[in-house]
Structure formats: C-alpha cells, structure tokens
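Here the structure is laid out as structure tokens; the discussion comes afterwards.
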C-alpha cells in the first residue's frame, strides 16, 4: 500500500486544496479488500493528524482509495464495505461504517490504447503491463516527463519507492535492485544493465507466458469437460423420450455450447418433437 498527495490547485476544484491517494496493488482477488481499505484509511488519517499536528476544528483532507489490479482473472469481490455486513434494520444502518474503493483492472487496457494517453495513470498501467525492458523504459520516460514539475516532488518520491520496492523486484526476479532515490537514477541504471536485465526480463516473460498458458489450458479443459457432460445427458434424455436420433442431431448437440445445451434441456419438458427442443 502506498499513499501520496494529489495537488488540485490547477484542476478546477477550488473548494479542495489536496486529496490523498491511497493505492493498493493487487495481483489476486481479495474478498475482504474493502475491510482492509477502511483500516488503511484510518491509519493514514491518524498519521496525518500526528505528523501535521492538526488542531481541533481543522478539517481532514479527503482520501481516494484506489485498488490497482493486475491479475489475469476477473475481479469479483465487493467494492463496498456494507456488502460484507449482515442485513440490519433501518435504524441501525446509519451507524454502520461505509467505504467504497475505486477498482482499476490494469489487464483490461492494451498498451496500444494506453501509449497515446498523456497521463500518469496510463503510464502506471504501461509500467505494470510491460513485458520487455524497452517497453518499461518508454513508459518510464513518459512518467519522468509528467512528474518533472516542482509541485510533483512528492509523487516523484512515491513512484520511485513503488518502482524500487514493488515493481522491479517483481519484474527482475532474482536480481538485486540497488538503492534508488530518483526516477532518473532508475533510467540510468536500466541503461547500464540493459543486456543483463533484458535476458532476465525475457526469461520472466517466458515463464509468465507458460504459467498463463497452463492456467488457460486447465480452465479450457474444465469447460470442455463440462460441455461434454451436459451434451451426454441431453442425448440420453432425447433418446429416452423420442427414440432414435439422427447423426445430424447428435452432431449438433455435441457441438453446442453450455448455455445452448441448458436452453435445450429446459425445452424437453414441453416439447412434442426433437425440433421443438432444438429451437
């Protein structure tokens, strides 16, 4: 989890001076994420009060909780904390804590769509999704360009820490990442170790591709087995009700997808002919 300050002076939001960004990076779906988010927000507010020594009556800044997800499967966990609670009567509902986080699924954005977008979020996704040292360097150049303004020093620090502690160790498995304090230092380091780290990047990409291929193969195998089982059951039901089935009908059923087979199975109850079933 990382946090940083977004300056809103020049963004047309005159009633807000700044917003704190609370960023959680996830590679797997987490059912209890909204519970973790409210804990992080409480700790961050405590740190703001303590570090800035806010006096009584001073209002706290808003926090925008972001969950950046780079997993291969769809995120299905609830985005709101109240979805985790048991149903309570209306008089008590107003006393339950409420929080909602913004989920951004990075894997749903292709690099060719992100590259023309000149904003920090697009650059972050490109860094996360990069599969080669060249893609990483291109995205890093864009990030340096967007964070070179004097009022973005804090975000520069946050992104440097994230790249050094989170992203590079994940991209360069087994490689030692030196102590870095500036984004320019990361770019220089990549240039100096380009050959060595390109091989590591390529190997990591190959292993990632194999892992994803195995996972997809297992999922496809399970789906294929489910479809074959449903087709077998339907063929038995039709044979029992109508007798002999033509080769054309048998082939049609074997080639149908699971949803179509389900629809046909429901038609059996009221159908008088095979044609009625296979509408």
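What follows draws every value from the coordinates through simple rules; no lab data is involved. This one's a predicted model, so the numbers in the text were calculated from it and none came from an experiment. Here Cβ is always computed from backbone atoms with ideal geometry, including for glycine, and neighbour counts include all displayed protein chains.
Summary table below
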quantity	calculated
Base-10 log of normalised Debye intensity for the range 135-187 (one unit scatterer per alpha-carbon) at q = 0.16, 0.19, 0.21, 0.31 Å⁻¹	-0.45, -0.62, -0.75, -1.36
Kirkwood hydrodynamic radius over Cα pairs of the range 42-107, then Stokes diffusion coefficient at 10 °C and 1.306 mPa s, in µm²/s	105 µm²/s
Net lengthening on full extension, residue 43/residue 228 (0.36 nm per residue, minus Cα-Cα)	61.4 nm
Rotationally averaged projected area of the range 62-195 (alpha carbon convex hull; nm²)	11.1 nm²
Inter-site label distance for residue 64 and residue 250 at 7 Å from Cα along Cβ, in nm	6.2 nm
Gain in span if fully extended, residue 77 to residue 110, counting 0.36 nm per residue against the direct Cα distance	9.6 nm
Spatial extent of the range 105-144: Rg and Dmax, with the Cα atoms as the point set, Å	8.8, 24
Pairwise FRET efficiency - residue 88 versus residue 165, Cβ, R0 = 45 Å, nearest 0.05	0.65
